[in-house]
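Written below as structure tokens is the structure these notes are about.
The values are calculated or read from the model by the stated rules, or taken from the named source; none is laboratory data. Keep in mind that this is a model prediction, so the values were computed, not measured. No Cβ is skipped: glycine too gets one built from the backbone with ideal geometry, and neighbour counts run over all protein chains shown.
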Amino acid sequence: MSIVVSIPGVDKTNWWIEQLQALMPSWTIRSIDDPGDADAVTYAVVWKPADGAFLPFANLKAIVSLGAGIDHVLADTKLPRQIPIIRTVGTDLTQRMREYVALHVLSHHRDMPTISANQRARQWKQLVVPPATDRPVGVMGLGNLGSAAASTLSALGFETLGWSRTQREIEGITTFAGDAEFAAFLGRCEILVCLLPLTDATTGILNAELFAKLPKGASVINVGRGPHLVDDDLLAALDSSQLSHATLDVFHVEPLPSEHPFWSHPRITVTPHIASLIDAPTGSRIVAANIERFEREGNVPDLADAERGY
């Protein structure tokens, strides 16, 4: 029984191999670049695998995505579509997303970018903002991470709204669903958080048309995927003051190129894809448990639907 690991960076790959091997001593765990007997490989643990990465392995039972999203796996144009894909989701990852979303929603709510600019200018200006109960915050995407983030915001006292493709009921959250309710949802969101999966339908969803439907001066937080955002539309919305600020954790190209205008824009906060960053000690426990359960039962709760894209 053999598992291959594919993660950008030799050091990271070796870190994951070491952690998984300690948890799964009866398995052979190797880099996808040095797999040994390809016919013995039954699982591939991956993040952003190369195109055609899975073709050498005729006996793959499942591919394990090192994250909640599977878009990076589906991007493989030679992906054997019959192979199940297992997402990596756990309480530690959910907690990290709760923290990140709460941090940046609070930062937008209390207008910390302006306060930081005033500090640099040595200006003492006491800004008055409404209480959280009077600040509508919307979360797009109510899956595991989105629903947890929305519940956290509700617990902080925010008027919390949620939108998803299909109807969801979450205590303390006013939910909207589908295209018919999208505009009504956006029209109330003074702070908008994107936690959608990346699919054909959601690619480019953060665009000029969407920004125009938000209240003037709204802010946006993108912790979904970089291709959710149309970069030039965001810059135009900020420069026209339709949007007041944006926090971006994900980008079309990562690392974000040093010449990209997001780095220096005064109304953009850039973080380097850290919102719910998975680490080998935490993630390996989840991956090992999922593989062992899939071996026993042929199924796991976090099995993705490749047709839906999440």
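Quick look at the numbers
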{"read-out": "Complete set of residues in region 254-310 that are outside any helix (DSSP H, G or I), of a type in the set (A, V, I, L, M, F, W, C) and more than 30 Å from Arg120 (Cβ to Cβ)", "value": "Ile278, Val300, Leu303, Ala304, Ala306"}
{"read-out": "Residue in region 118-131 that is at pLDDT 95 or above, small (Gly, Ala, Ser) and in a helix (DSSP H, G or I) present", "value": "no"}
{"read-out": "Hits in region 183-200 - residues which are among the hydrophobic types (A, V, I, L, M, F, W, C) and touching a residue at least 24 places away in the same chain (Cβ under 8 Å)", "value": "Ala183, Phe185, Leu186, Cys189, Ile191, Leu192, Val193, Cys194, Leu195, Leu196, Leu198"}
{"read-out": "Residue count for region 165-204, restricted to those that are in a loop (DSSP other than H, G, I, E, B) and more than 17 Å from Asn144 (Cα to Cα)", "value": "10"}
{"read-out": "Residue in region 251-260 that is closer than 20 Å to His109 by Cβ and in the same structural domain as Asn118 (by TED's automatic domain parsing) present", "value": "no"}
{"read-out": "Search result, residues across region 210-248 that are among the small types (Gly, Ala, Ser), in contact (Cβ under 8 Å) with a residue 24 or more places away in the chain and not in a helix (DSSP H, G or I)", "value": "Gly217, Ala218, Ser219, Gly224, Ser241, Ser244, Ala246"}
{"read-out": "Subset of region 107-152 (residues that are buried (at least 17 other Cβ atoms within 10 Å of the Cβ) and among the polar types (S, T, N, Q))", "value": "Ser107, Asn144, Ser147, Ser151, Thr152"}
{"read-out": "Residue list for region 238-282, filter: modelled with pLDDT of 95 or more and of a type in the set (Asp, Glu)", "value": "Asp239, Asp249, Glu254, Glu259"}
{"read-out": "Selected residue [under 30 Å from Pro84 (Cβ atoms), surrounded by fewer than 16 Cβ atoms within 10 Å (Cβ to Cβ) and not β-branched (Val, Ile, Thr)] from Gly204, Gly283, Gly226, Gly217", "value": "Gly204"}
{"read-out": "Residue list for region 1-30, restricted to those being small (Gly, Ala, Ser) and surrounded by fewer than 14 Cβ atoms within 10 Å (Cβ to Cβ)", "value": "Gly9, Ala22, Ser26"}
{"read-out": "Which listed residue is of a type outside the set (Val, Ile, Thr) and either over 19 Å from Val139 (Cβ atoms) or not assigned by TED's automatic domain parsing to the domain that holds Val101 (or both), from Ser264, Ser244, Ser219", "value": "Ser264"}
{"read-out": "Filter result for Lys61 (in contact (Cβ under 8 Å) with a residue 60 or more places away in the chain, surrounded by fewer than 18 Cβ atoms within 10 Å (Cβ to Cβ) and not hydrophobic (A, V, I, L, M, F, W, C))", "value": "yes"}
